[in-house]
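Engineer: Below is the structure I would like to discuss, written out as structure tokens.
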Amino acid sequence: MKISYKWCMDFPPYLASMPMHAITEIHGEPGLLERFRLEIRAFDEGARARLTAALDLAAELHRDDRRVREPYLNHLLRVAIRMMHHYQVRDADVIVAGLLHDTVEDHPAELAGGHRAGAAAGDDSTAPALATLAARFGPRVARLVAAVTNPAYDPDRDRHTQYRELVAASLDREPWARVIKVSDFTDNGVGLIHTVGPKVFSLATKYRPLVPVLRELIARPDTPLAPTVKEHIFSQLDLAEERFAAILDQPVTAGPPTSR
């Protein structure tokens, strides 16, 4: 699936300053693709080629995936754009890993391709999928993706607890992976109000305990972000907590009175 980057005159000249969810609602995937194209102009030609190749791969692997009302690619574009625009990240490896952060978890066998040659049927595809990323984009990208990839859960333990433990442990070792994860979390957590249906409550329950974990990780001196960027992220985490509270802390109300 090859992404087209042709300029569309329907996009307003202030697209580069629009909030990403506004772009999503008004212009959809084409608008986010154009915003991505505008953001990567800050990179050199070689980096732009790698970023475009990563986007093409993400679009191909997630071509049939949906997030409630939108193509899954929109989420990946917002994660990458947020890091470039709001977090001021100019490390191409980090943006590439952001675009591909769900590929190993969601499409390991398809991604693994030739690296599965000789593997027995039923073998875990995670390692060969990461090997594919390392071969195409370098070992650092594969390591960053691995740091934000959930392993198989122990069915005898609470999934949400295991998720939080994984995040705390894997991000403790990879400062740049914290940046990817907090952008992903912002899209999922702060953006939860754009989700509908019963998943809203379950996702708020999953994400809410992660707020203090991410706050502590981002505050660390070795997290490679400017102080102003960290303050912006803290404000987004505050907003996520407000929204989780609005979803989860509402009192249970009685139904309408019945006549006797």
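Engineer: Looking at HIS194, GLN162, VAL211, which one has the Cα that reaches farthest to the positive end of the dipole of the chain (charges on Cβ: Lys, Arg +1; Asp, Glu -1)?
Structural biologist: Result: HIS194, furthest along the dipole toward the positive end.
Engineer: How big is the dipole moment of region 134-228 about its Cα centre under a simple scheme where the beta carbon of each Lys and Arg is +1, that of each Asp and Glu is -1, and everything else is neutral? Debye, nearest 20, please.
Structural biologist: 160 debye
Engineer: If you plug each phi of region 87-103 into the Karplus form 6.51 cos²θ - 1.76 cosθ + 1.60 with θ = phi - 60°, what whole-Hz ³J(HN,Hα) values come out, in order, with x for Gly and Pro?
Structural biologist: Values, residue by residue: 9, 6, 7, 10, 9, 4, 4, 5, 5, 4, 5, x, 5, 9, 5, 9, 5 Hz.
Engineer: Related question: Once you keep just the Cα pairs under 8 angstrom separated by 6 or more residues, what percentage relative contact order results for the chain?
Structural biologist: 14 percent
Engineer: Hey, which aspartates and glutamates would be in cross-link range of LYS230, C-alpha to C-alpha under 14 Å, not counting anything within fewer than 8 residues on its own chain?
Structural biologist: Cross-link targets: GLU216, ASP222, ASP238.
Engineer: Show me, for region 37-43, the HN-Hα J-couplings you get by feeding each phi into the Karplus relation (A = 6.51, B = -1.76, C = 1.60, θ = phi - 60°), rounded to Hz, glycine and proline as x.
Structural biologist: 4, 5, 5, 6, 5, 6, 9
Engineer: Roughly how many debye, to the nearest 20, is the charge dipole of the chain about its Cα centre, given +1 on each Lys and Arg Cβ, -1 on each Asp and Glu Cβ, and no other charges?
Structural biologist: Rounded to the nearest 20 debye, it is 260 debye.
Engineer: Taking amide hydrogens as modeled 1.01 Å from N in the peptide plane, which residues meet the under 5 Å criterion relative to ARG67, leaving out close sequence neighbours?
Structural biologist: Correct list: TYR72.
Readers should treat all values here as calculations from the given coordinates under stated rules, not as data from a laboratory. No experiment lies behind these values; they were computed from the predicted model shown. Every residue, glycine among them, receives a Cβ derived from its backbone with ideal geometry; neighbour counts consider all protein chains shown.
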